[in-house]
Amino acid sequence: MTKIEGLIAATFGTFHVDGSLDLDGIPHLVDKLVEDGVKGVFICGTNGEGPNLTVEERMAVAETYMRAAGKRLLVLVHVGHTSVAESRRLAAHAQQIGADAISAVAGFYFKPTSVNNLVECMAAIAAAAPDTPFYYYHIPALTGVGMDMVAFLELAEKKIPNLAGIKYTASTLHEYQACLNYGGGKFDVLFGYDELLLSALAVGAKGAIGSTYTFAAPMYQEVMRAFAAGDLPEAQRLQLRLVEMVRAFAKYPPIPAQRAIMGMLGYDLGRCRLPLEPLSAAQIEALKEELDSMSFFKDLKESRLSADKDA
């Protein structure tokens with residue numbers, strides 16, 4: 001199985017001011033990500049407000065991304081839903097339009113009661129798109145489902161023929177490392193905590209999916225290059241800049257705050273949907289001032305210029 005190396009941007013939803021879906025904003029965003037050198041997009045997940053969209057809206061978003069990507073980027077479609085039946089609809093649709101992979105979270109209202117129960121749910125979803133690689137989306141902080149992921153792989157490899165791996169969004173690096181090395185490294189385990197990217201690289205990560213890669217990928221790529229070159233002090237310095245960036249926006253609701261950062265960079269994503277609420281004008285200004293004080297925008301610009309020179 002071909003494993004994904006590099007960064008996958010977990011993109012944000014694009015909406016009009018009234019909260020309705022803005023499909024026209026997607027191609028502009030895709031062009032930016034291609035320029036930033038990311039390997040793909042993860043759509044309709046947490047940051048894309050997938051749970052806040054109707055199934056029909058999610059299908060429309062997926063179709064728009066597929067057209068906009070035009071094989072320039074991998075398109076990973078999140079198909080998780082509180083209803084397995086609706087997840088299956090989304091999975092089948094993703095395969096029909098040629099998505100590169102699908103992924104699903106655990107049920108987060110009626111929750112799986114055991115690893116075996118979780119595997120049964122994921123097997124039912126994956127079976128609706130049997131020719132498309134499937135990644136289980138492990139994000140216990142939001143789903144409340146935090147089972148042993150090595151045990152998941154042990155059972156899932158027998159029941160999910162198209163299992164590609166796990167989108168691992170948790171800070172338990174020891175378990176992440178165990179998953180990476182399970183079965184001689186047979187599965188693709190993509191890391192999902194941006195502020196721990198360097199730590200994940202140290203235990204063997206090659207690919208990562210994250211929200212901040214949507215706007216700060218060139219800075220993370222510098223971390224990866226420094227680590228690959230064996231310059232650990234430089235990688236540490238570069239990662240710390242990004243930890244400080246995350247600490248700045250994490251003082252606010254994280255998705256609205258990151259959407260505000262996108263706005264500061266010239267990408268108006270519209271108004272997020274309830275229960276999410278946009279930052280106030282005062283909050284946006286305070287966040288911008290803090291990011292300016294740590295030279296975030298200057299560093300990002302320099303990282304982009306550096307990447308352009310290397311290209």
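Considered as a group, the residues in segment 271-305 that are open to solvent by less than 70 Å² (accessible area, probe 1.4 Å) and out of contact with any helix residue (DSSP H, G or I) (no Cβ under 7 Å at 6 or more places or on another chain) include one that is farthest from Arg237 (Cα to Cα), and that residue is Ser280.
Return the pair list, or none, for Cβ contacts closer than 9 Å from residues in segment 142-159 that are among the hydrophobic types (A, V, I, L, M, F, W, C) to residues that are in a helix (DSSP H, G or I) and modelled with pLDDT under 95, at least 6 apart or on different chains. If the second residue must be in a helix (DSSP H, G or I) and modelled with pLDDT under 95, the pairs left are Met147/Pro140.
Only one of the numbered conditions (1) without any contact (Cβ under 8 Å) to a residue 40 or more places away in the chain; (2) touching a helix residue (DSSP H, G or I) at 6+ places or on another chain (Cβ under 6 Å); (3) surrounded by 18 or more Cβ atoms within 10 Å (Cβ to Cβ) is violated by Ile125, and that is (1).
Every residue in segment 38-60 that is buried (at least 17 other Cβ atoms within 10 Å of the Cβ) and part of a loop (DSSP other than H, G, I, E, B), please. Result: Val38, Lys39, Cys44, Gly45, Thr46, Asn47, Gly48, Glu49, Leu53. Restricting the first member to segment 283-309 and to residues that are within 13 Å of Ala257 (Cα to Cα), and the second to residues that are open to solvent by 90 Å² or more (accessible area, probe 1.4 Å), the beta-carbon pairs closer than 8 Å and six or more apart or on different chains are Leu287/Lys251. Considering segment 255-282, and only residues there that are assigned to a helix (DSSP H, G or I) and without any contact (Cβ under 8 Å) to a residue 60 or more places away in the chain, the residue that is nearest to Gly45 (Cα to Cα) turns out to be Pro256.
The values are calculated or read from the model by the stated rules, or taken from the named source; none is laboratory data. The shown structure was predicted, so the numbers you read here are calculated from the model rather than taken from an experiment. As a convention, Cβ positions derive from the backbone with ideal geometry for all residues, glycine included, and neighbour counts pool all protein chains shown. Protein only, heavy atoms only, side chains kept; ligands, DNA and RNA dropped before computing areas. Shrake-Rupley method; radii C 1.70, N 1.55, O 1.52, S 1.80 Å.
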